[in-house]
Structures are given as structure tokens and as C-alpha cells.
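K.L.:
Sharing a structure, written as C-alpha cells. Questions coming.
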Amino acid sequence: MTASRNAPETTPEDRAATRPEGRTAAAPRLSRLSRAQWLREQLENAIVDGHFAPGDRLDPVALARDYACSRTPIREALQQLEASGMVRVYPKRGTFVTQLGVADLIERFDVMAELEGMCARLAARRITQEELAGLRQAHESCRDCLDGSDADRYYHANGTFHHLIYAASHNAFLTQEATRLHAILKPYRRLQLHVHHRLQESFAEHEAILEAIERHDANAARRAIQQHVQLQGNRFNDLMATMPQLREDPLA
């Protein structure tokens with residue numbers, strides 16, 4: 001399994017949650033379908049947490065050894081990840097973590113901004129008091145990470161903040177689609193947080209989103225979250241500088 005030089009640093013807690021220690025952790029005793037689902041979730045977490053970077057090859061033999069299981073549930077888990085768009089299968093080359101080109105990345109961030117804009121607009125109209133309290137709590141968790149300049153912890157708290165907005169839209173299909181695309185873009189969104197001053201900017205943008213939702217101002221909430229997500233200007237240039245391999249496809 002290829003280790004990426006550009007993958008963000010992770011904490012021991014992150015690694016323990018996504019990769020088996022010393023190749024000794026085994027998949028739980030579940031039905032074959034449930035085992036494949038469990039493995040899919042573990043591999044998805046490993047990808048979004050940076051243990052496997054965009055473009056890395058996923059070796060089924062090595063993964064079966066890592067997770068102490070047969071290759072069959074590994075193949076089924078990889079098929080599920082391919083269906084979600086998180087990995088790509090290249091004939092005679094293998095399975096690779098999806099690596100988006102510049103145009104692909106811009107297109108997906110454009111769609112993500114629209115989906116999140118819909119979620120925020122609906123959330124401003126439909127959020128319950130209990131959900132609003134949870135969103136405020138998630139925002140304060142982001143503040144705690146900001147105070148410690150902890151980009152990795154902020155990344156997880158940031159994900160919670162966004163997913164609570166998806167859920168508060170009270171539209172199951174929209175929540176599902178936003179969550180799916182959010183997962184595909186997570187490796188790139190995580191790298192953005194390692195850019196100088198991005199944590200402070202992200203938190204200020206969250207503040208504007210939260211305030212709009214609290215006021216039940218649907219249009220303001222939509223605009224605020226779209227500006228937060230869109231990949232443009234200096235934000236685009238910073239991401240390109242962080243991931244120069246996006247300029248070419250090594251599998252082409």
C-alpha cells in the first residue's frame with residue numbers, strides 16, 4: 001500500500017480508529033454482508049482520514065492481511081466504495097483511491113456548494129430547537145479546536161457541524177446525496193484546513209452560517225454556506241499548491 005507524502009498528519013487515536021494495530025485487528029464475527037459493510041466503513045474512514053491518499057493503490061491481499069479476513073469481503077467492500085465514487089478500478093492495474101483532476105474537483109465543489117446551500121436553506125426553515133442546540137454545540141467544539149490550532153480535531157468537528165445541517169433539512173434524499181459527496185471530497189477539504197489561517201476563516205464562516213440559521217433567514221444561510229464551500233480565488237490556489245499531483249493523472 002502506497003504511503004502518500006502529501007497525506008496530512010494524523011493522531012494515534014485517528015489511526016487506531018481506522019487501521020488495525022500491527023496487522024492484528026480482525027473484522028468482527030458478522031454475516032458476510034455485514035462484514036463487507038464493516039470493512040467498507042473502515043476503509044472509507046481510512047481514506048477520509050488521510051491514511052490512504054488520493055491516487056494510492058489498495059491491495060486486496062494486503063488489506064485482507066491487515067484486517068485478518070478473507071479476500072472475498074474485501075472485494076465486496078471495494079465494490080461498494082467504487083459504487084460510491086471513493087475508489088476507481090482500472091483494468092489490469094488495480095483499485096485506487098479516487099484522485100480527482102482539477103476540472104473534476106471544481107465541478108464537485110460546485111455541486112457540493114449547491115447541495116449544502118439547499119440543506120442550509122431548508123434547515124433555516126425546519127430546524128428544531130433540539131437540533132439548533134446540537135448545532136451550537138458543534139460550533140463550540142470547533143472553537144475549542146481553533147483555540148488549540150488543532151487542524152485534525154477541527155476537521156472532525158467541522159464534519160459534525162455540516163452533517164447536522166444536512167439532517168436539519170429534514171429531507172432524507174438531500175441528506176443522503178450531500179453526505180455521499182461530502183465523503184468523496186473529505187480528503188481535499190481536510191487538506192484545506194492545513195493552509196495558513198484557514199481554520200480562523202472557516203470558523204468565522206461557520207459563525208455566519210449558524211447566525212443565519214438561528215434567525216431562520218433561509219436565503220442568508222444558503223449564501224453563507226455556499227461561500228464557505230465554494231472552491232475559488234485564493235482558496236483554489238492554496239489547494240493546488242498543497243496537492244501539486246492534481247495537475248496530472250499518474251494513471252493516465
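K.L.:
In square nanometres, what is one fourth of the surface area of the convex hull spanned by the alpha carbons of segment 74-115? Could the numbers behind the result be given before it?
P.N.:
Details: hull surface 14.3 nm².
It is 3.6 nm².
K.L.:
Please give the FRET efficiency for residue 227 paired with residue 75, using the beta carbon to beta carbon distance and R0 = 41 Å, rounded to the nearest 0.05.
P.N.:
Values: r = 42 Å, r/R0 = 1.01.
After rounding, the FRET efficiency stands at 0.50.
K.L.:
Using a cut-off of 11 Å between beta-carbons, work out the net charge of the residues near residue 214 (Lys and Arg +1, Asp and Glu -1, residue 214 not included). Write down the numbers at each step before the final one.
P.N.:
Working: positive: 136, 215; negative: 207, 211, 217.
With Lys, Arg at +1 and Asp, Glu at -1, the neighbours total -1.
K.L.:
Report the calculated FRET efficiency for residue 34 and residue 170 (r = Cβ-Cβ distance, R0 = 30 Å), to the nearest 0.05. All intermediate terms of the calculation are to be shown ahead of the outcome.
P.N.:
Working: r = 29 Å, r/R0 = 0.97.
Calculated transfer efficiency: 0.55.
Each value in this text was obtained by applying a stated rule to the coordinates, not by laboratory testing. Owing to the predicted nature of the structure, the values given are computational and were not obtained by experimental measurement. Because the Cβ atoms are built from the backbone with ideal geometry, glycine has one as well, and the counts that use them run over all protein chains shown.
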